[in-house]
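Structure first, then comments.
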Amino acid sequence: MRKLLILVPFQAYHMDRIRRAVGSDFEIEFHPHGLPEEELRLALADAEVVIGEPAPHLLHETRSVKWVQMTWAGTDLYTRGSLSFPEGMRLTNASGGFGNIISQYVVGQTLSLMQNLPHYRLQQQEDKWADLGPVASLEGATVMIFGAGNIGSEIARRLQGFDCTIMGICRSPQKNRTYFDSLFTLSQAEWMLPLADVVIGCIPNTEETCHFLNEKRLRTMKAGAVLVNVGRGNFIDCEALARVLAEGHLRGAALDVTEPEPLPVGHPLWKEPRCVITPHVSGGSFGRHKITEDLICDICCKNLMKWRDGEPLNNIIL
């Protein structure tokens with residue numbers, strides 16, 4: 001019998017949905033907390049489909065796996081590592097599952113920085129009661145979102161209520177993308193940066209995006225702008241960002257991803273009062289946010305039914 005190997009902690013009701021999706025065509029082997037490497041190697045030896053993210057070298061050792069359905073949106077593990085993804089094996093991701101929760105993080109961090117809330121929190125720890133002065137607002141702001149896929153679109157949708165002007169940076173600006181007022185390519189973005197009150201990074205990792213926000217571009221951003229990054233840590237040169245923030249050019253930055261990750265002990269951004277750092281939690285899924293878990297299950301079930309019926313998969317990466 002064909003085997004489906006699941007390596008992530010779906011809830012019982014998710015597993016019921018998955019069983020209905022594959023019907024009697026598959027035996028399901030479920031390891032909600034993963035497996036030690038040697039046991040995983042054995043489990044992969046006769047699996048046709050895997051839901052989860054097994055180590056790339058283990059996939060190269062099996063001849064049976066035909067398709068890996070990731071539960072992450074980012075695919076760097078398989079597409080940007082030193083070991084290529086096995087030829088002939090299909091790879092799909094969970095794009096579409098994280099926009100809901102990540103967009104809330106982005107809006108929350110943006111408003112917090114604009115309203116001086118991190119500084120008030122620091123002030124509270126020193127028993128201080130003092131007005132920290134002017135605030136900024138999303139009302140009428142110009143927002144530049146690097147990445148106009150599911151996450152970027154969800155961020156843009158939530159920002160609509162603030163009457164922002166929203167610019168999207170993407171590979172195909174000719175596509176009709178709801179919620180964006182204008183679209184530009186990455187090469188055009190440099191000229192638009194000085195217009196943005198808020199800059200948001202949620203763009204995939206490519207050679208072109210690596211350190212796109214270098215020191216030169218950070219300094220061309222509008223004075224007092226807010227920067228939020230939830231995409232890839234190497235989108236921003238963190239050494240340069242530390243210098244620019246320390247000089248007060250930007251109002252503040254919120255980083256859920258960094259390069260390296262985590263930042264080393266003693267890195268100046270850890271103690272920079274204008275910077276808020278979170279440990280890659282904006283898109284938390286299993287055990288953290290039910291709706292995101294449900295969306296990931298939806299993506300997996302739809303693709304399982306397509307695989308079972310011999311139809312083209314969604315979210316194909318390779």
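The values are calculated or read from the model by the stated rules, or taken from the named source; none is laboratory data. Predicted model, so just to flag it, every value in this text is computed and none were measured. Every residue, glycine as well, gets a Cβ built from its backbone with ideal geometry; the counts of neighbours run over all protein chains shown. All accessible areas refer to the heavy atoms of the entire protein, side chains included, with ligands and DNA or RNA removed. Shrake-Rupley method; radii C 1.70, N 1.55, O 1.52, S 1.80 Å.
Given R0 = 25 Å, the distance between the Cβ atoms of R219 and K271 translates into a calculated FRET efficiency of 0.70.
With the other protein chains left in place, how much accessible area per residue, in square angstrom, belongs to the chain at a 1.4 angstrom probe?
Numbers: 15180 Å² over 318 residues.
The answer is 48 Å² per residue.
The slack between Q174 and L313, meaning 0.36 nm per residue of separation minus the straight C-alpha distance, is 47.6 nm. Distances between placed amide hydrogens fall under 5 Å for C275 paired with A253, all partners being 5 or more residues away or on another chain. Once both labels are positioned 7 Å from their Cα atoms along Cα-to-Cβ, the gap between E38 and R17 label points is 3.7 nm.
Under a model in which nothing but the beta-carbon of Lys, Arg (+1) and Asp, Glu (-1) is charged, the chain shows a dipole of about 560 debye around its Cα centre. Taking amide H positions as modeled 1.01 Å from N, with prolines and chain starts lacking one, the residues under 5 Å from F184 and 5 or more places away or on another chain are G168, I169, C170. Counting only the backbone N, which residues of segment 271-296 are under 17 Å from the spot 7 Å out from the Cα of E239 toward its beta-carbon? Once the point is set 7 Å along Cα→Cβ of E239, nothing inside segment 271-296 turns out to lie under 17 Å by backbone N.
Student exercise: in segment 210-318, how many lysine pairs 8 or more apart or on different chains have Cα atoms under 27 Å apart?
Values: K216/K271; K222/K271; K290/K302; K290/K306.
For segment 210-318, the number of qualifying lysine pairs is 4.
For the peptides 264-273, 163-172, the ranking by packing is 163-172, 264-273, with the highest mean count of neighbouring Cβ atoms within 10 Å listed first. Taking the centroid of alpha carbons for each part, segment 209-253 and segment 140-188 are 19 Å apart.
Only protein atoms count toward the accessible area here, which uses a 1.4 Å probe; on the chain, the carbon and sulfur part of that area reaches 52 percent. Computed from the C-beta positions of L77 and F162, the FRET efficiency with R₀ = 25 Å rounds to 0.10.
Mind checking the angle between helix 12-22 and the chain's longest principal axis? C-alpha axes, 0 to 90 degrees, to the nearest 10. Taking the Cα atoms of the chain, the angle to 12-22 is about 60 degrees. Once the Cα-Cα distance is subtracted from the 0.36 nm per residue extended length, the L58 to R121 segment shows a gain of 18.1 nm. Relative to the longest principal axis of the Cα atoms of the chain, the long axis of helix 150-159 makes an angle of roughly 40 degrees. Over the chain, DSSP H runs of length four or greater, each weighted -39,500 (n - 2.57), average out per residue to a 222 nm ellipticity of -9500 deg cm²/dmol.
Packing order of peptides 39-48, 221-230, highest average first: 221-230, 39-48 (average count of other Cβ atoms within 10 Å over each peptide's residues).
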